[in-house]
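The values are calculated or read from the model by the stated rules, or taken from the named source; none is laboratory data. None of these values were measured; they are calculated from a predicted model. Counting neighbours? That spans all protein chains shown, and the Cβs are built from the backbone with ideal geometry, glycine included.
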């Protein structure tokens, strides 16, 4: 009997105001951040993968894009749109952000493994610090959506329900550096480029 479906949700709606362009379209090694995010979720075992768009339209192989008409209100609305669009058959979702390209698929695998072993909510940690991605079981979708307001996604829900959270160390699998500015872009590019094939 196949394992229950754990979906992937990539939040990619922002316009990248501090960067000066939408982060979803930033490229590393010929691949956009949106494409990298989809690949990270799929390679980590999440199926299906949904991408919440906003500032720019996206068409991504291997993913379904859903548009957040209220994307300018912040990440909270994108999380609500994404959770509402997930198929009924999925039992949990791994939520990732488009602007953290150093997060790897092993983090997704570990969150899914934590869910399979009984965790209702699991958060990837790096050197003990909780970051992203985050896994939430379906029975908490409504609670997480209600807590998501303004530019706060799952964080408000996680802080309100610490009793549910299983921390999963992922510091050996990647890094959760945010890409917000041109300086971030240069620093992260220097970390990614050597890993690309010649």
> Applying the selection to the stretch 26-50, what residues are surrounded by fewer than 16 Cβ atoms within 10 Å (Cβ to Cβ) and either in contact with a strand residue (DSSP E or B) (Cβ under 9 Å, 6 or more places away or on another chain) or in a loop (DSSP other than H, G, I, E, B) (or both)?
Replying inline: 29, 30, 47
>> I'd like to verify a number: residues in the stretch 130-158 that are under 24 Å from residue 72 (Cα atoms) and more than 14 Å from the chain's Cα centre (by Cα), how many?
In response: 14
>> Need pairs with beta-carbon distance below 8 Å; first residue in contact (Cβ under 8 Å) with a residue 24 or more places away in the chain and at positive phi and within the stretch 48-70, second surrounded by 14 or more Cβ atoms within 10 Å (Cβ to Cβ) and part of a strand (DSSP E or B); sequence gap 6+ or separate chains.
In response: 62/49
> Taking residue 127, is it within 28 Å of residue 180 (Cβ to Cβ), surrounded by fewer than 23 Cβ atoms within 10 Å (Cβ to Cβ) and under 15 Å from the mean Cα position of the chain (by Cα)?
Replying inline: no
> Can you name the condition, by its number, that residue 18 falls short on among (1) surrounded by fewer than 21 Cβ atoms within 10 Å (Cβ to Cβ); (2) assigned to a loop (DSSP other than H, G, I, E, B); (3) in contact with a helix residue (DSSP H, G or I) (Cβ under 8 Å, 6 or more places away or on another chain)?
Replying inline: (3)
>> Being touching a residue at least 24 places away in the same chain (Cβ under 8 Å) and under 14 Å from residue 178 (Cα atoms) is the requirement here; does residue 10 meet it?
In response: no
>> So if I check each of 92, 186, 198, which one is modelled with pLDDT of 95 or more and either buried (at least 18 other Cβ atoms within 10 Å of the Cβ) or not in a strand (DSSP E or B) (or both)?
In response: 92
>> The conditions are (1) closer than 15 Å to residue 11 by Cα; (2) part of a loop (DSSP other than H, G, I, E, B), and residue 102 fails exactly one of them. Which is it?
In response: (1)
> Across the stretch 100-124, what is the number of residues that are surrounded by fewer than 23 Cβ atoms within 10 Å (Cβ to Cβ), more than 18 Å from residue 158 (Cβ to Cβ) and touching a helix residue (DSSP H, G or I) at 6+ places or on another chain (Cβ under 7 Å)?
Replying inline: 3
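To keep it simple, each residue is scored yes or no on (1) within 24 Å of residue 4 (Cβ to Cβ); (2) modelled with pLDDT of 95 or more; (3) in contact with a strand residue (DSSP E or B) (Cβ under 9 Å, 6 or more places away or on another chain); (4) assigned to a strand (DSSP E or B).
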position: 88; (1), (2), (3), (4): yes, no, no, no
position: 108; (1), (2), (3), (4): yes, yes, yes, no
position: 113; (1), (2), (3), (4): yes, yes, yes, no
position: 123; (1), (2), (3), (4): yes, yes, yes, yes
position: 136; (1), (2), (3), (4): yes, yes, yes, yes
position: 140; (1), (2), (3), (4): yes, yes, yes, no
position: 166; (1), (2), (3), (4): yes, yes, yes, yes
position: 180; (1), (2), (3), (4): no, no, no, no
